[in-house]
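Before any comments, here is the structure.
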Amino acid sequence: MTVPLADLIAQYESIRDEIDAAIREVLLSGHFILGPFVEELEGGIAAFTGSDHAIGVNSGTDALILALAACGIGPGDEVITPPFTFVATIEAVAHLGATPVFADIDPRTFLMDPAAAAARITSKTRALLPVDLFGQTADRQAYAELAARHGLKLIYDGAQAIGATYSGAPIGAFGDATTLSFFPTKNLGAYGDGGMTLTNDETLRDRVRSLRFHGSGGAYEYSHVGYCSRLDAVQAAVLRVKLRYLPEWNRARRRHAELYATGLAKTRCVLPAEAPAAHHVYHQYTVRHPERDRLRTHLAEADVQSGIYYPSPLHIQKAYAHLGYQPGDFPEAERACREVLSLPVHPGLTDEQIHHVCRTIEEFDHDRA
Ligand SMILES: *Cc1c(COP(=O)(O)O)cnc(C)c1O
């Protein structure tokens with residue numbers, strides 16, 4: 001039995017007729033960039049995420065850049081964000097000439113610790129950028145309070161968390177903006193790149209809409225320097241089909257997480273914690289293990305794929321050396337990088353495959369106990 005970390009081909013085959021028809025409809029329409037297919041998807045995503053407005057862009061990275069730009073973030077501004085996330089989060093900050101300022105994570109949830117973030121606020125801080133890592137919402141209440149108290153912009157990187165909720169409210173209901181990625185392996189994945197900025201603020205909506213189209217204010221009129229970052233109609237049509245299945249797929253991920261919680265209870269794995277207000281959608285099912293690398297080899301020998309998200313924290317990456325951080329600055333992020341292992345949790349798995357993963361880990365821990 002083999003257990004893949006993702007299986008996009010099997011997913012396509014399960015909805016092939018609808019996807020093929022949707023793509024053909026776009027090809028026959030002649031509308032390939034923005035247009036009615038993108039607008040329909042924007043409406044569907046806004047409704048699904050509880051946000052007033054959704055603006056389709058080229059990628060999750062661009063969704064962040066445009067959200068930050070629309071919030072007025074620029075040179076000299078500090079943006080507080082975790083060092084344990086995908087690099088795009090801080091890359092977006094850096095591209096605007098602003099400075100990423102790191103705050104360590106909570107070891108139980110892997111999410112930026114609001115108390116650590118509060119301690120990093122200075123007179124130059126302009127925004128907070130928490131990440132809904134692995135599919136679990138960052139603490140919406142704590143960050144809303146912090147942003148209000150210090151007059152900061154609040155942008156959530158929700159790339160991994162479409163479908164997640166906080167105190168029962170979906171992720172688009174909070175902050176100044178929330179960003180999504182439709183990278184193919186995300187919970188809602190396109191067949192190419194795509195992303196969206198969500199906001200409940202009309203001014204921000206209009207700015208992001210303008211920025212994605214060269215800073216255009218009307219026909220060939222440009223009020224500011226913009227970007228070329230638009231969602232295309234083929235991806236929008238694919239995503240519209242998949243959005244209908246997303247609730248079911250996210251439920252399957254949560255069920256797989258429950259099977260793991262039972263199946264791994266007697267192993268040395270430290271299981272992922274779900275914060276009380278959060279409803280996790282398990283973009284990744286990430287455990288900690290004292291012998292992570294050896295366990296990973298053992299799993300590979302049993303044909304079980306696994307992933308390390310992330311093997312190295314961002315504060316010690318060469319590209320960000322100018323920020324002046326040292327190893328040891330964020331001990332929890334660094335420890336997570338040594339201990340985390342993501343197990344297959346995608347909706348296409350069978351119970352037997354998950355039992356196989358659990359048995360393989362049990363075997364490993366038993367042999368070494
Ligand atoms: C995937 C991801 C992004 C970037 O999305 P792209 O669509 O690949 O540009 C940003 N932040 C996080 C946390 C991600 O997981």
If the convex hull is drawn through the Cα atoms of the chain, its volume per residue in Å³ = 132
query = Taking a 30 Å limit on the Cα-Cα distance, which of the listed pairs Lys186/Lys318; Lys153/Lys318; Lys153/Lys186; Lys124/Lys242 fall beyond it?
reply = Lys124/Lys242
inquiry  = Quick check: Cα centre of segment 70-126 to Cα centre of segment 217-262, how many Å?
reply    = 24
note = Note to self: C-alpha centroids of segment 24-45 and segment 302-337 sit apart, in Å, by 39
query = At q = 0.25 Å⁻¹, what log₁₀ I(q)/I(0) does a Debye calculation on the Cα points of segment 149-229 give, no solvent, two decimals?
reply = -1.16
query = Which residue, Gly60, Gly307, Gly151, has the most motion in a Gaussian network model of the chain that connects Cα atoms within less than 10 Å?
reply = Gly151
query = Going by how many other Cβ atoms sit within 10 Å of their own, how do Phe364, Phe102, Phe86, Phe32 line up, fewest first?
reply = Phe32, Phe86, Phe364, Phe102
message = Can you sort His298, His280, His322 from fewest to most other Cβ atoms within 10 Å of each residue's own Cβ?
response = His322, His298, His280
note = Put in order of increasing Cβ neighbours within 10 Å, starting from the fewest, His224, His355, His315, His289 give His224, His355, His289, His315
task = Using only the alpha carbons of segment 109-171, determine the length spanned along each of the three principal axes and report them from longest to shortest in whole angstroms.
result = 35, 20, 17
task = May I have the convex hull volume per residue, in Å³, for the Cα set of segment 215-369?
result = 208
query = Taking amide hydrogens as modeled 1.01 Å from N in the peptide plane, which residues meet the under 5 Å criterion relative to Val3, leaving out close sequence neighbours?
reply = Val304, Gln305
task = Considering the options Leu128, Ile65, His289, tell which one lies farthest towards the positive end of the dipole of the chain, charges being +1 on Lys and Arg and -1 on Asp and Glu at the Cβ, about the Cα centre.
result = Leu128
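Read the figures in this text as sums done on the coordinates, not as results from a lab. In this text the structure is predicted, and so the values were computed from the model without any measurement. Note that we place each Cβ from the backbone using ideal geometry, even for glycine, and neighbour counts take in every protein chain shown.
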